[in-house]
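One structure is given here, and the rest of the page talks about it.
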Amino acid sequence: MSQFDVTGTRARSGWHDWLMTETPRSRRQARIGSFYQGWLTLRRNPMAMFGLSILVFLVLLAIFAPLLAPKDPYAQDLGARLLPLGSEGYPLGSDSLGRDILSRLIYGARITLYIVALVALIAPIVGLFVGTVAGYAGGWVDTILMRITDIFLAFPRLVLALAFVAALGAGIENAIIAISLTAWPPYARIARAETLTIRKADYIAAVRLQGAGPLRIITKHIWPLCISSLIVRVTLDMAGIILAAAGLGFLGLGAQPPSPEWGAMISEGRRFILDHWWVATMPGLAIFIVSLAFNLLGDGMRDVLDPKDAGK
Amino acid sequence: MTDTTEQREARHPSRLLAALRKIGATLGQIAFTMVGLLFVTFVIGRVMPIDPVIAVVGERATQAQYQAAYEAMGLDQPLFVQFIQYIWDVMRGDFGMSLLNARPVAEDIARVFPATLELATLGTIIGVAIGVPLGVLAAVKRGTWIDQTARVVALIGYSMPIFWLGLVGLLIFYGILGWVGGPGRVGIFYVDVVPSVTGMILVDSALDGNWTVFRNALSHIVLPASLLGYYSLAYISRMTRSFMLEQLSSEYIITARVKGLSERAVIWRHAFRNIRVQLITVVALSYAGLLEGSVLTEIIFAWPGIGSYITTALLSADMNAVLGGTVVVGLVFVCLNVFSDLLYKFLDPRAE
């Protein structure tokens, strides 16, 4: 790549050279550089970029919700109940308590992101921990940990999440815990598979000869190499997480009213579906668009980070 | 477990014995998974914030009554003994009494499960009938608009909240167009008209020869089954496509083409024949997925299946019913997984 810069076919900034260099001067530069090259590949995938822009929009929406929402998402106005789409001051109509659906959707983006972010942190970390320990330790530790993983995989996820919520009680935090508890096993499997291929590598033997203990080897030398396959899986899983959270919310087991969680909003609007269809339809569209965006981005990320599966 | 095949064969020269050993190992694995599954539900039942004794004797029970019930339920035993007792109960098909209607949970589940089975089966049939040809077509016409359409159809299926799609479907096809029956399994006038033999109303009404009920039931099931079918279609068509692509790029396909076989023969007689076993595995998995997916669908369509049962029980804190339902769904799930695994091993010699 760097010879292009020398011939000067295109004027490049110093930043670009620094990022694309084949002789990075520090580990950090190499890392950022490879990240940048991945980004360049991802940028060529229009569907992935479409998904990414929806998600960026969603994040901005969530951050600036107080500025963007036209009304207070909790403010009831019984005089303005069930207004149709395009009503004055209620672009997406109002719900049965006269609350502005658009404002509730905007605030709901915060809840959705909160759930997704936490599950996407907890589940892979648990899985990474279990998987790398099992893979590195081997023997009976491996057998026990992987058997436990299999048991969790054997449960249908939603039903297990339901049972956990039943035990923990309804609520958004418990929904997050329940979804995480059902989501970690695939990560453990991936992390274990990666560990098994890395474990016997020469550089691990070298580190061990230098006196590094298992903890240091796992955290400093195995974890970094597992990250990229976990990230792909997380991105592909996010849509499922959103759908699971919305499902729990819909059943009344996740976020509780009057919280503007999208699944709970569908549940509230369900009673009016035949006469006032927009109340339940709008939050459903929001869920659909966001999970579609995650799926599109996930597909693109897989092509970048995991080229061996590309095109499948 | 780390033995190589040679070592094993050296110790057990008889192939029959080796096969038996393998079956034994598989059974052991299933048993282990099931005990683990029961352990999880046992723990969930123990950490419940609801006091099971109060749930039985009521809040105004005297201390003595409470103590008697406490001992009668075996709660004074060590946890380990309680767990063994729990496994024993489940093995005898005893999930305890429902706190809501004071009937054995197992009876309730036996009553509601066929409804779910009926829905998931019809959904899988729809998913296979459309998904497999779609996947094959997408692979054959790779890169064309057909492939792209199939991709988008699957992507939408993966991204759509199933309960919302159910609501919108109900709104359009029942509320506006009036093409299908509304929620429930049959119209109110047809409830309990045909005797329940299998618990599946389509089968029962057909057995009874009562085609009015059959048609009515069909009009009620067609929408939820199609929606579930769409979900399994999304998964099945993607998997079919990728299996087919793998076959179509192999050398024997080139040979078949060079021999001058028609394209149809190449695709169906050669390539498709080789993915059948893999497809059965996928269908079994998606069937298991539909049993789960039906939880939310059943709520939308007021379908009296196991999903509705678990959720209703959950909202009224009927813990025996929740755990019983979870165990049953979990066991079916495990069985389907094992079944697809075994099928793959026995039908495909390459898996050895």
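The values are calculated or read from the model by the stated rules, or taken from the named source; none is laboratory data. Please read these numbers as outputs of a predicted model, since none were measured by experiment. Counting neighbours? That spans all protein chains shown, and the Cβs are built from the backbone with ideal geometry, glycine included. When the accessible area is computed, the model is the full protein with side chains, heavy atoms only, and any ligands, DNA or RNA have been set aside. Shrake-Rupley method; radii C 1.70, N 1.55, O 1.52, S 1.80 Å.
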**Request:** Positive end of the charge dipole of the protein assembly as shown (Lys, Arg +1 and Asp, Glu -1 on Cβ, about the Cα centre): tell me which of B:Ser249, B:Asn210, B:Val168 has its Cα farthest that way.
**Result:** B:Ser249
**Message:** For chain B, what does the helix formula give at 222 nm: sum of -39500 (n - 2.57) over DSSP H segments with n ≥ 4, over the residue count, nearest 500 deg cm²/dmol?
**Reply:** -24000 deg cm²/dmol
**Prompt:** With each run of n ≥ 4 DSSP H residues scored as -39500 (n - 2.57), what mean residue ellipticity at 222 nm is computed for chain A after dividing by its residue count and rounding to the nearest 500 deg cm²/dmol?
**Reply:** -23000 deg cm²/dmol
**Complete:** Distance in Å, no decimals, from the C-alpha centre of the stretch A:210-235 to the one of the stretch B:174-190 is 55 Å
**Message:** Threshold 30 Å², probe 1.4 Å: give the residues of the stretch B:167-200, in number order, that are less accessible with all protein chains present than with their chain alone.
**Reply:** B:Leu167, B:Leu171
**Request:** Give the distance, in whole Å, between the Cα centre of the stretch B:134-173 and the Cα centre of the stretch A:121-147.
**Result:** 36 Å
**Asked** Counting only protein chains, not ligands or nucleic acids, how are B:Val194, B:Val128 ordered by accessible area (probe 1.4 Å), most first?
**Response** B:Val128, B:Val194
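Is any helix in chain B, taking whole DSSP H runs, at least 30 angstrom long along its axis by alpha carbon and on average at least -0.5 on the Kyte-Doolittle scale, and which ones?
Membrane-span-like by this criterion, though nothing is claimed about a membrane: B:15-47, B:105-140, B:211-248, B:273-300, B:319-347.
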**Among A:Gly93, A:His16, A:Trp277 - extreme Cα towards positive end, dipole of chain A, charges at beta-carbon** = A:His16
**Prompt:** Per-residue accessible area for A:Asp202 at 1.4 Å probe radius, Å² rounded to 10?
**Reply:** 130 Å²
**Complete:** With R₀ set to 41 angstrom, the calculated FRET efficiency between the beta-carbons of B:Ala129 and B:Leu16, to the nearest 0.05, is 0.55
**Request:** Just grab the label-to-label distance for B:Phe39 and A:Glu173, each label 7 Å out from Cα along the Cβ direction, in nm (one decimal).
**Result:** 2.8 nm
**Prompt:** Can you give the angle from 0 to 90° between the axis of helix A:46-63 and the longest principal axis of chain A, with both taken from C-alpha atoms, to the nearest 10?
**Reply:** 60 degrees
**Complete:** Treating only Lys and Arg (+1) and Asp and Glu (-1) as charged, each at its beta carbon, one finds that the protein assembly as shown has a dipole about its Cα centre, in Debye to the nearest 20, of 2360 debye
**Asked** For A:Leu225 and A:Trp140, FRET efficiency with R0 = 30 Å and r from the beta-carbon atoms, rounded to 0.05?
**Response** 0.75
**Message:** If I compute solvent accessible area with a 1.4 Å probe over the protein chains, what percent of it on chain B is carbon and sulfur?
**Reply:** 65 percent
**Message:** To the nearest 20 Debye, how big is the dipole of the stretch A:1-159 about its Cα centre, given +1 on the beta carbon of each Lys and Arg and -1 on that of each Asp and Glu?
**Reply:** 400 debye
**Request:** Calculate, for the stretch A:8-105, the solvent-accessible area per residue in square angstrom, rolling a 1.4 angstrom probe over the heavy atoms of the protein chains.
**Result:** 64 Å²
**Prompt:** In what order, largest first, do A:His16, B:His270 sit by accessible area if the probe radius is 1.4 Å?
**Reply:** B:His270, A:His16
**Inter-chain Cβ neighbour average for residues A:146-154, partner chain, 10 Å** = 5
**Prompt:** Per residue, how much accessible area does the stretch B:105-347 have with a 1.4 Å probe, in Å²?
**Reply:** 42 Å²
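Pairs of Cα atoms under 8 Å, at least six residues apart: use those to get the relative contact order of chain A, whole percent.
Normalised by residue count, the contact order of chain A is 21 percent.
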**Request:** Assign unit charges at the C-beta atoms only (+1 for Lys and Arg, -1 for Asp and Glu), then state the dipole size of the stretch B:105-347 relative to its Cα centre in Debye, rounded to the nearest 20.
**Result:** 1260 debye
**Prompt:** What is the interface area between chains B and A, defined as buried accessible area summed over both chains with a 1.4 Å probe, reported in Å² to the nearest 100?
**Reply:** 3900 Å²
